[in-house]
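As structure tokens, the structure follows; a few thoughts come after it.
The values are calculated or read from the model by the stated rules, or taken from the named source; none is laboratory data. Computed from a prediction, not measured in an experiment: that's the story for all the values here. All Cβ positions, even for glycine, are placed from backbone atoms using ideal geometry, and neighbour counts span all protein chains on display. Protein only, heavy atoms only, side chains kept; ligands, DNA and RNA dropped before computing areas. Shrake-Rupley method; radii C 1.70, N 1.55, O 1.52, S 1.80 Å.
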Amino acid sequence: MKLIQRNRRLRSNASIRSLVQENTISVNDFIVPLFITEGSNVREEISSMPNYFRMSLDLIEKEVLELWSLGLKSVLLFVKVADDLKDNKGTEALNPNGLMQRAIKTIKTTVPEMLVMTDVALDPYSSYGHDGIVKDGKIINDETVAVLKKMALSHAQAGADFVAPSDMMDGRILAIREILEENSFTDVGIMSYSAKYASSFYGPFRDALDSKPGFGDKKTYQMNYANSKEAITEVLQDIEEGADIVMVKPGLPYLDIVSNISKFVEVPIAVYQVSGEYAMIKSAVKNNWLEEIPCVMESIMCFKRAGASLIATYFAKDIALYLKESKV
Ligand code: PBG
């Protein structure tokens, strides 16, 4: 054969492959989700998330020191709230001495340079397990936003670097940006869960925080997974309202959404490889059906290839360890 183009030339050895490789993975790309619980010396494995733990603050201190030593520089906090502190108004979410506020302070004291990002939504605090206030069986938007903005302010006051609203109420980004400005928290960032879909892949996360919706589902606020264009509307609106980073969630099944919005926006795009994605890989690995690190690294590279520059994943620590050991 006399071929002019032989595409295999650029694949023929490791050196040329690395020279022409379009995307890379670095420890700088990751956000580490942390589940925090009350108590001391508590480290509870989440049953549907093998090798992932809820930890009390004393152990979180050790954890963040270890993450920092591995080069991981940002954490995303979620708290498990006791049932007797839950209500329909998110009262505990605003407690300056609540678990989230204490967690922020603890981490910023232990590793001041660690970027602390916080989940802003009412579900862990809600007696109904919904992200907003419930009235007559409905999740009411504006009253919820009024609480969410105070929640974001309270996180900023405790020392959070970024707030991450995951609730999907309308207008929450502007409300949060305004309250932060009014209170001189001009450097506090907003990472908006802009295109968050009503997904069944969040199941294990709801086990972790005991935050399953008590009635119905989240389809009146999270997006319909049949839709793509709506994601553009959501991200553009959030950027206009003051978001610094926009997020797509879940991850792998939604790569088309990441790719699509990356054509429209200039701000950094984050993707969340959610609990169900973690559980799927872990369970296949447990059965010796898949090899863990190669599958994880492939999934992360796919996020980068699609256009994400930040990745929230429960595999972050494993990846950092792997990158360190293999010095890649
Ligand atoms: C809460 C929240 C959820 C996740 C992040 N923030 C669950 C939900 O919306 O029901 C899911 C994360 C995961 O599954 O890993 N608003």
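Charge dipole (Cα centre; +1 on Lys/Arg Cβ, -1 on Asp/Glu Cβ; no other charges) of the chain amounts to roughly 1520 debye. Within the shell defined by Cβ-Cβ distances under 15 Å, the residues around Lys86 carry a net charge of -4, with Lys and Arg each +1 and Asp and Glu each -1.
Of the residues Arg17, Arg206, Arg102, ranked by 1.4 Å probe accessible area with the largest first, the sequence reads Arg17, Arg102, Arg206. Rounding to the nearest 10 and keeping the result within 0 to 90°, find how far the Cα-based axis of helix 141-158 lies from the longest principal axis of the chain. Tilt relative to the chain: about 80 degrees.
Once segment 143-252 is represented by equal point scatterers at the alpha-carbon sites, with solvent omitted, what log10 I(q)/I(0) does the Debye formula produce at q = 0.10, 0.11, 0.17 Å⁻¹? The Cα Debye sum returns log10 ratios of -0.30, -0.36, -0.85. Listed cross-link partners Lys196/Lys229; Lys219/Lys263; Lys105/Lys249 are compared with a 20 Å cut-off, the Cα-Cα value being larger for Lys219/Lys263; Lys105/Lys249. Over all Cα atoms in the chain, the spread is summed up by Rg and Dmax: 20.2, 76 Å. Normalised by 2.2 N^0.38 Å, where N counts its residues, the alpha-carbon radius of gyration of segment 24-136 equals 1.13. Shown here for segment 103-186: GluC sites (Glu not before Pro) in loop regions (DSSP other than H, G, I, E, B) with at most 10 other Cβ atoms within 10 Å, namely Glu113. Loop-located trypsin sites (Lys or Arg not before Pro) in segment 270-328 (DSSP state not H, G, I, E or B) with no more than 15 neighbouring Cβ atoms inside 10 Å: Lys327.
Note on the chain: dipole from Cβ charges, positive end direction compared against Ile140, Met191, His155; the farthest Cα belongs to Met191. In the chain, excluding the sites themselves, the longest stretch lacking any of the chymotrypsin sites (Phe, Trp or Tyr not before Pro) that are in a DSSP loop with at most 16 other Cβ atoms within 10 Å is 1-214. Taken over the C-alpha atoms, segment 263-328 has Rg and Dmax values of 13.0, 41 angstrom. Using the Karplus relation 6.51 cos²θ - 1.76 cosθ + 1.60 with θ = phi - 60°, the per-residue 3J(HN,Hα) values for segment 96-105 come to x, 10, x, 4, 4, 5, 5, 5, 4, 4 Hz, with x marking Gly and Pro.
What is the projected area of the convex hull of the Cα atoms of segment 168-327, averaged over all directions, in nm²?
Computing the convex hull of the Cα atoms and averaging its projections yields 11.4 nm².
Could you give the angle, 0 to 90 degrees to the nearest 10, between helix 316-326's Cα long axis and the longest principal axis of the Cα atoms of the chain? The angle comes out near 30 degrees. Of Asp58, Asp131, the order by accessible heavy-atom surface (1.4 Å probe, DNA, RNA and ligands excluded), from most exposed downward, is Asp58, Asp131.
Taking GluC sites (Glu not before Pro) across segment 207-297, the ones in a DSSP loop with at most 11 further Cβ atoms lying within 10 angstrom of their Cβ are Glu266, Glu291.
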